[in-house]
Amino acid sequence: MSTSDNTVTRQIVLDTETTGLEATQGHRIIEIGCVEVVNRKLTGKHYHQYINPEREIDAGAMEVHGISNEMLADKPVFAQIREDFLAFIAGAELVIHNAPFDIGFIDAELRRMDARHNTIALNNSIVDSLMLARGKHPGQKNSLDALCKRYGVDNSQRELHGALLDAEILADVYLLMTGGQTALMLGGGDGSDGGEEASGSEIKRLDSGRRPLPVLRADEQELVRHQEKLAAINSASDGQCLWLSTGEALGEVAPGND
């Protein structure tokens, strides 16, 4: 969110797919998906890349994301996409569901290229949306699918895991979970190009030249049934029916209220 000195807050919602569960066992990243959020608005900018892991994908992992070894045979290796990826996330706060998993794999890839690399968390602040969800919903399921159901986010296309799709879904969930809106920012990422912004908090005003809404009054039969209902309520409550006690039964509109 922007502050009084017009500081721009840039977040990158990030997800990865991998050859297996443990980076420490030599498993590699095969897909990275990132979605940009500026001042809590989706800008429409994203980063997406499939990566040749230079090793086989575990059968169990393949069942989760559906990415095969053959699909990645002609894709670049991580060393070839490193600079573009780091440039896209540079200076941004990273929003990741179960952040230690993804950060562990990213750091492992970077260390293969430079053993002196420490951790990406030194250059980017990180929000773990899983920990955030557990704090807000203790004792409940807080998987991405569970959060989609809880916050009404459409994940009907998520038959298999996919890094970009999951990042897009997580962006919606995160903004809803943290009390923000999920509108797409039209134009430039910071709105500096003069383009209009679609804002979920924008006030919608009615056309001043619109036709007046019709006033539908109760007919005679409806008034009779209403009085009968009030009489029944009054009898059941030992004379405590407030509508009768105030003398404002349906159809008895005070002057000036129509």
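When you check Glu168 against the structure, is it touching a residue at least 40 places away in the same chain (Cβ under 8 Å), closer than 16 Å to Gln11 by Cα and either in the same structural domain as Gly26 (by TED's automatic domain parsing) or in contact with a strand residue (DSSP E or B) (Cβ under 8 Å, 6 or more places away or on another chain) (or both), yes or no? Judged against the criteria, Glu168 is a match.
Just one of (1) over 22 Å from Asp128 (Cβ atoms); (2) touching a residue at least 12 places away in the same chain (Cβ under 8 Å) fails for Asn6. It is (2).
On inspection, Gln49 passes the criterion of being farther than 15 Å from Val13 by Cβ and in contact with an Asp or Glu (Cβ under 8 Å, 6 or more places away or on another chain). Within the range 31-49, the residues that satisfy the criterion of being farther than 16 Å from Leu86 by Cβ and buried (at least 19 other Cβ atoms within 10 Å of the Cβ) are Glu31, Val35, Val37, Val38, Asn39, Arg40, Lys41, Leu42, Thr43.
Can you tell me how many residues in the range 44-92 are of a type in the set (S, T, N, Q) and modelled with pLDDT of 95 or more? Of the residues in that region, 3 qualify.
Residues that are of a type outside the set (D, E, K, R), part of a loop (DSSP other than H, G, I, E, B) and exposed (fewer than 14 other Cβ atoms within 10 Å of the Cβ) within the range 110-124 comprise Ala115, Asn118, Asn123, listed in sequence order. Assessment of the range 154-162 against the conditions (of a type in the set (A, V, I, L, M, F, W, C), out of contact with any Pro (no Cβ under 9 Å at 6 or more places or on another chain), part of a helix (DSSP H, G or I) and closer than 20 Å to Ile29 by Cα) yields no matching residue.
The values are calculated or read from the model by the stated rules, or taken from the named source; none is laboratory data. Predicted, not measured: the structure shown is a model, and the values here were computed from it. Neighbour counts run over all protein chains shown; Cβ positions are idealised from the backbone, glycine included.
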